[in-house]
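Here's the structure, in structure tokens; my notes come after.
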Amino acid sequence: MAIRQLILDTETTGLDPEDGHRIIEFAALEVVNRKLTGNKLHLYINPERLIDPGATKIHGITDEQVKNQPNFAKVAKDIINFIEGSELIIHNAKFDIGFLDYQLQLSGYGKTNTYAAGVIDTLIMARQKFPGGKNSLDALCDRFNISRAHRDFHGALVDCRLLLDVYLSLTREQISLLGEDCHDKTKIEFEKLNTGKLNLKVVTATEDELAIH
């Protein structure tokens, strides 16, 4: 059975929920067998506070845009229903999960891992693959020649689409190691080698060689 994965991203009023900052945009794209299904959840959320000007410079979302949107408590169940049982793919998951956990609990629900099957952090994957390199989403897009021409700001929905391409690029080698088609069920027959007629000499390793091994 194919694993249901979600490419997930959020935008917020600032950097830390414990400082009163809140989620203002949530996006998740459904992926099955490494392909988008077209199923997604995209929400703008009223944070019930002002957005830091520095944050608006990054994601382009203004107070005016979200003032008439529902608050997090009203959409929490929609988010839970959408992520339930799925593997979440997030870039710098500590940030997004930190906000989701905080706000889910404020709304009377459990943490994200209560509902999701697991989390893949592409930032950790990238750091392992390219130690010492720049591993922001933008830097990885440049590394893998993924175009960002259609994006003016770091919106959650558009960043999800970029992250999917980054994730596929990061994991392409793993899929290749499994063969061109990991779903090919064709049985491969191997010819058994008859060694009975071969004059094979068995050489036993010395104690020194075993110690080195």
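The values are calculated or read from the model by the stated rules, or taken from the named source; none is laboratory data. Just so we're clear, the structure is a prediction, and the values are computed from it rather than from any experiment. Cβ atoms come from the backbone with ideal geometry, glycine included; neighbour counts cover every protein chain shown. These accessible areas exclude ligands, DNA and RNA; they are computed on the full protein's heavy atoms, side chains included. Shrake-Rupley method; radii C 1.70, N 1.55, O 1.52, S 1.80 Å.
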If you scan the range 124-138, which residues turn out to be under 16 Å from the mean Cα position of the chain (by Cα) and open to solvent by less than 50 Å² (accessible area, probe 1.4 Å)?
M125, A126, N135, L137, D138
Name the pairs whose Cβ atoms lie under 6 Å apart, with the first residue in the range 139-163 and assigned to a helix (DSSP H, G or I), the second at pLDDT below 95, and 6 or more positions between them or separate chains?
C141/R148; V158/R151
Here are G85, G98: which of them is more than 25 Å from S136 (Cβ to Cβ) and either open to solvent by 30 Å² or more (accessible area, probe 1.4 Å) or touching a helix residue (DSSP H, G or I) at 6+ places or on another chain (Cβ under 8 Å) (or both)?
G85
Of (1) open to solvent by less than 30 Å² (accessible area, probe 1.4 Å); (2) in a loop (DSSP other than H, G, I, E, B), A55 fails just (2)
How about the range 67-99: which of its residues are among the aliphatic types (A, V, I, L, M) and out of contact with any strand residue (DSSP E or B) (no Cβ under 7 Å at 6 or more places or on another chain)?
A73, A76, I80
